[in-house]
Structures are given as structure tokens and as C-alpha cells.
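Asker: My questions will all concern the structure given below.
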Amino acid sequence: MSEITGIRINTNAKLQMGTFHVAVWGCQMNVYDADRIRDLMTASGYVEKAEPDGADVIILVTCAVRAKAEDKVFNQIATWRHRGVTNDETVIALGGCVGSELGQQIIEMNKGVSIVFGPRTAHRLPAMVAAFRATGDHIVDVKAEALEKFDALPEQGQRGPSAFVTIMEGCSNNCTYCIVPHTRGGEDSRPEQDILDEIAIHLEHGVKEIHLLGQNVNSYRGLNAEGKVGRFSSLLYEVASIPGVERLRFTTSNPMEFTDDIVQAIADLPIIADSIHIPVQSGSDRILKLMKRDYTSDSYRELVAKLRKARPNIYISTDIIVGFPGETDEDFAETMRLVNDIKFDSSFSFIYSKRPGTPAADLEDPVPLDHKRQNLYVLQAKLEEYASMYSQQMLGTRQRVLVEGISRKNENELKARTSNNRIAVFEGSRDLVGKMIDIDVIKVMSHTLKGQIVNA
Ligand code: 5AD
Ligand code: SF4
């Protein structure tokens, strides 16, 4: 027996057989959570369906970072219902950041959602589904200790040669535009041994690439084997030394707390991939201050210079917000100046989205949306120009790639990822899936490289 929002229920979930489908939006941490939910539901006796049609339970793992992401979920639920994909019997569980942001309001919206869970309560899903089926009472359960989920989830399943491993939950930075500290809660790091144990299981399943995840991995402070508070750089050395780990990535690495020990680890460990994502958000110091980002555009430039000195082949990608409240044309020009100075690799850029309850939501925002859209267009054209410049420079080079699977467009081709995070396609035998191999880049297409296997 366990207790969920006051209802005492029988949690022998093996008896609740049925099918489920998981849909996921948003960041890589959501992808990680969605995969753990799949493992959990499967371990509880449910059978996964790749499509939502006719599934007994539909689980939505959502993103609340921008209002648009939130709207997509509700549009999806309405469309499924309209097309007969779901019916009165379908149990719809909505979780992730929107679950935590809106909680009970989701039930009150009357959009067909029966269960609301949060990023921290995903592990209670089978029990929630069982309780809902037994009583018909809606369930809202979004609060738990940050790390409880990791202890309660079953062993991860086998999913390709690259695996996400969440090393910390939540964020305590409180950037003024961001809803994440509210939806995922404050920062808490997993103990080092838990992370290493999870990696060991992935390696048993044939995983070659480990991708460490957190809202701000630089501030990782999990307990190490001696029971002392560890650092992210130490974790990097630990993971890099595990036999079988052939490539190591991490996201997100903020400019805040990107200390010299982390730069040194990147210099020391060739196993760390050649691409690092460091969200800058703006090139204007005035806007960075309003965003409560604890660095300046010049300190960001210095950080990138240090990284390029440590690893001349490093590719830097970023996130940029356009149209933060009160952003002037001069502020935007500063962002463009930074973009031209750094010459970022493929990056993400967004128009500022007002999120309820965040400090920036109270700021005056006089700039018309059309003007913001125009600036975004100018910025994205420039970002695209640099990303394709780097791709063009790869023509004729030899690249070590991890073969991730079969190309979606052509089943005779394999799909692989380069160290600098580009997708390459090439002809090759299916038994190469899951292996690291060398290819020559023979053509550069808009977002993909065409390769040829190097025969040793
Ligand atoms: N509006 C627009 N973009 C946002 N991001 C976070 N919050 C907002 C917001 N309110 C962007 C940031 C962050 C990325 C994950 O999402 O650039 O790095
Ligand atoms: Fe949001 Fe800032 Fe935390 Fe990133 S670092 S999740 S932008 S509060």
C-alpha cells in the first residue's frame, strides 16, 4: 500500500495490465524522464505502443519553458480526441514541467486529463494510474524530494548506443525569465556512485556514449566515494576513466561556474566530445543583469577563448533569447556583435516568452512582437551562416562517428553522429550500428553530412 494525495491504494501494478504510449516535448532531461517512465511502466506489466491510437494510458511529458510549448500539449490532446485516437476510457496523464507549473488547474480546465504528475513524481505513475482506475478520482501529485525518483525507478532499458544520464535535478539559478526553478525545484545532485552504477548498466547494454544531463552541470555537487562533496570536473575524470565509455558529452553547461578545473578537464580528456553547449542568452551586459545571469559578455568571450586554447577543435553552441523585456536595438546589436565575435556553431534562439510568476513577467515590455520577430530572423540567419561555414570546413575531413541507427530517409544508409554533433549518413552494413567507426566526409548537405566508410 502507498499513499498518493491522501488516497490509500493497492499498488500491485502488475495486475493493471494494459497498453501505454509516451509523448515527450522539451529538453533532454524530459527525454531522460520519459525513458525512465517507459522502463517503469514496462516493469509494471504495461506494454508500450509506439503510436497513441487505442492506448489505454497516454503519458505526456511536457515543457513549460515557453508558452508555445505548453499550448502544443493541449492542442495535441484536443486533436487526438477529435480524431478518435483517444476516447472516454483513455487515461491521460500529463506530467513534466507543465504538470508541476499548473497542477490542479489542469484538471479544472476539463481537457480530458485524469492524472497530473511532475518531474519529481514520475516514479509514482503506475500507482497513480491504478488509483485513478480504482476510484475514478482525478489525481494531482507533483511534489517529492528531488532525488526520490532516481531511487524508485527500475533499471534502465536498452535504447541505442548513446545514453542520457541525469546527474542533478532542478536549478537554483533563478534567471528572471525562467520557469524551471519553479517547475523542477531547487538544485540537488545525485551521489557520484549512483551515477556510476547507472552508467555501468548502460555499458552492459552496449552503450558507447554517455551524455550527462543537468540544468547547470557545472554546479554539480554530489557526494563522492569518500562522502565528500564532489565537483563536476572530478565526475568528468571518473566517467572518462570507465572502460567502455568511448565518448562523453554534457548539457547544459552555463557560463556561471564554468571554472578553470572544468576547462582543464576538457583539455585533459580527449574522450569529451568536441562540442560544448554554453547558453549565453544575450550579448548585452545590461540585459544579462536584468536576466540575473552572473557574467558579462566579455567574461563569456574570455571563457570561450580559454576553451579554444585548451581544445582548438572545440565547437561552441549556445541559446539566445531575443526581445527580453526592454531590449533595445543597441542591446540587440550587442548580441549580434557577440555572435560575430564567437562565431557559434549550431545554436538555439527564441523570442522571449512571458512566464507567469517569474520576476521578468513584471517588467515593462514595450517592444512590439513584430520587431522581435524581425530581430530573431536576422539573428537566426547569422547563426545559420556560421553553422554552415563549420559544416563546409568538414568537407574532405576524416571523422570518428558513433553509428546510431538506420537513416530515416534511406534504409540502405546508416546514420551516425560526429564528435561535433553533426549527423552523417553513409552506406554501410547494419551490423555497424552501435559502433564507433571512421568516415570521410564527401558532401555537405544543409544539416547533414554525406560520408563514406574508411576501409582500414
Ligand atoms: N522565454 C524564451 N526562452 C526561454 N528560455 C528559457 N526561458 C525562456 C523564456 N521565458 C530558453 C533559454 C534556455 C533555453 C532552454 O530556453 O535560452 O537556455
Ligand atoms: Fe532556467 Fe537559468 Fe536555471 Fe537555465 S540556469 S534552468 S535558464 S534558471
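Asker: Which one is nearest to ligand 2 (Cβ to nearest atom) among residues in segment 318-334 that are buried (at least 21 other Cβ atoms within 10 Å of the Cβ) and under 22 Å from Asn216 (Cα atoms)?
Answerer: Across segment 318-334, the extreme among qualifying residues is Ile321.
Asker: Here's a follow-up. What residue, among those in segment 356-378 that are within 23 Å of the chain's Cα centre (by Cα) and modelled with pLDDT of 95 or more, is farthest from ligand 2 (Cβ to nearest atom)?
Answerer: Leu376
Asker: Further question on the same structure: Select from segment 148-200 the residues that are assigned to a helix (DSSP H, G or I) and of a type in the set (Val, Ile, Thr) and write down the one among them that is farthest from ligand 1 (Cβ to nearest atom).
Answerer: The extreme case among them is Ile199.
Asker: Right, another one. Only one of Glu48, Glu70 is touching a residue at least 12 places away in the same chain (Cβ under 8 Å) and within 16 Å of ligand 1 (Cβ to nearest atom); which?
Answerer: Exactly one of Glu48, Glu70 is touching a residue at least 12 places away in the same chain (Cβ under 8 Å) and within 16 Å of ligand 1 (Cβ to nearest atom), namely Glu70.
Asker: Could I ask something else about it? Report every pair of residues separated by at least 6 positions or lying on different chains whose Cβ atoms are under 8 Å apart, first residue within segment 174-189 and within 20 Å of Thr62 (Cα to Cα), second part of a strand (DSSP E or B) and among the acidic types (Asp, Glu).
Answerer: From segment 174-189, the pairs are Arg184/Glu169; Gly185/Glu169; Glu187/Glu169.
Asker: Any residue that is in contact (Cβ under 8 Å) with a residue 40 or more places away in the chain and touching a helix residue (DSSP H, G or I) at 6+ places or on another chain (Cβ under 9 Å) - is there at least one of those in segment 102-110?
Answerer: So far as segment 102-110 goes, no, none of its residues is in contact (Cβ under 8 Å) with a residue 40 or more places away in the chain and touching a helix residue (DSSP H, G or I) at 6+ places or on another chain (Cβ under 9 Å).
Yes/no per residue for (1) under 21 Å from Gly170 (Cβ atoms); (2) touching a helix residue (DSSP H, G or I) at 6+ places or on another chain (Cβ under 7 Å); (3) modelled with pLDDT of 95 or more; (4) in a loop (DSSP other than H, G, I, E, B):
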| residue | (1), (2), (3), (4) |
| --- | --- |
| Lys14 | no, no, no, no |
| Asn30 | yes, no, no, no |
| Ala34 | yes, no, no, no |
| Arg38 | no, no, no, no |
| Ala55 | no, no, yes, yes |
| Glu70 | yes, yes, no, no |
| Phe74 | no, no, no, no |
| Thr79 | no, no, yes, no |
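Asker: Counting just the residues of segment 130-157 that are without any contact (Cβ under 8 Å) to a residue 60 or more places away in the chain and out of contact with any helix residue (DSSP H, G or I) (no Cβ under 9 Å at 6 or more places or on another chain), which one comes out nearest to ligand 2 (Cβ to nearest atom)?
Answerer: So the residue we want is Ala146.
Asker: Could you tell me whether any residue of segment 219-235 is closer than 27 Å to Gly95 by Cα, surrounded by 21 or more Cβ atoms within 10 Å (Cβ to Cβ) and more than 16 Å from ligand 2 (Cβ to nearest atom)?
Answerer: Looking for residues that are closer than 27 Å to Gly95 by Cα, surrounded by 21 or more Cβ atoms within 10 Å (Cβ to Cβ) and more than 16 Å from ligand 2 (Cβ to nearest atom), one finds at least one in segment 219-235, hence yes.
Asker: Considering only segment 301-324, state which residues are under 21 Å from Tyr352 (Cα atoms) and touching a Ser or Thr at 6+ places or on another chain (Cβ under 9 Å).
Answerer: Result: Ser317, Thr318, Asp319, Ile320, Ile321, Val322, Phe324.
Asker: In segment 201-311, which helices (runs of 4 or more DSSP H) lie fully inside it and hold 3 or more residues that are within 20 Å of the chain's Cα centre (by Cα) and of a type outside the set (D, E, K, R)?
Answerer: Output list reads 232-240.
Asker: With respect to the numbered conditions (1) within 22 Å of Asp53 (Cβ to Cβ); (2) buried (at least 18 other Cβ atoms within 10 Å of the Cβ), which one is the sole condition not fulfilled by Val140?
Answerer: (1)
Asker: Give the residue that is surrounded by the fewest Cβ atoms within 10 Å (Cβ to Cβ), with candidates limited to residues of segment 367-421 that are in a strand (DSSP E or B) and of a type in the set (A, V, I, L, M, F, W, C).
Answerer: Once the filter is applied, the top-ranked residue is Ile406.
Asker: In segment 356-398, what residues are touching a Lys or Arg at 6+ places or on another chain (Cβ under 8 Å) and of a type in the set (S, T, N, Q)?
Answerer: The one that is touching a Lys or Arg at 6+ places or on another chain (Cβ under 8 Å) and of a type in the set (S, T, N, Q): Ser391.
The values are calculated or read from the model by the stated rules, or taken from the named source; none is laboratory data. These numbers were taken from a predicted model, which means no experiment stands behind them. Note that we place each Cβ from the backbone using ideal geometry, even for glycine, and neighbour counts take in every protein chain shown.
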